[in-house]
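To start, the structure under review is shown below, and the notes come after it.
The values are calculated or read from the model by the stated rules, or taken from the named source; none is laboratory data. Keep in mind the model is a prediction, meaning the values are calculated, not measured.
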Amino acid sequence: MRRIRFGLKTLLVLIALLAVYLAWRTHDPEARALSAIKEAGGKTYYGYQQPWMGSTKSISVGQLPGYEYYSQHDISCVGTQTQPKLTLAEILFGKTKERRATAVELPIGKITPELETALHSLTELQSLVIEMPAMMASSESVEVERLGELQDEFGDKVWPTVKLGL
């Protein structure tokens, strides 16, 4: 039986290829986006948690003309809360859909243009829950205009909500 032999050049080329592959694998735009969301005081929910928009709670009030009203929406998770262990295939080829962020909760005042760009890098994003500062706001307020911009940009993924603390 003959032993496999190769030269130093071949070894260096293989090491260089391995280094390029590992560098490509560690470049994860989603990780940077999740870090930016956390710095902005937001919350993220992943596919393995199976997040979905839960109940809508509202308080009946006489609605004034020229004001926008928001209900309280909750994200409910029906899956496991603990992150499953990585498989060898995920280590080699990247995260599966279950490990990617599918819902994000952020205060309206913390969403910067840079954070918007980061949100676009979340390929599996299904819900963007925007926390409004109050249950009602003037239609001409900065927050309502900003919410309109976000709804134009992200479409039906945007859920405006208010935290009532009830």
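Checked against the criterion of being among the aromatic types (Phe, Trp, Tyr) and at pLDDT below 90, region 93-104 has at least one qualifying residue. In this structure, does GLY41 turn out to be small (Gly, Ala, Ser), closer than 30 Å to VAL144 by Cα and at pLDDT 80 or above? Yes; evaluated as a whole, the condition is true for this residue. Within region 17-54, if we keep just the residues that are aromatic (Phe, Trp, Tyr) and over 12 Å from the mean Cα position of the chain (by Cα), the residue that is farthest from ILE108 (Cα to Cα) turns out to be TYR21.
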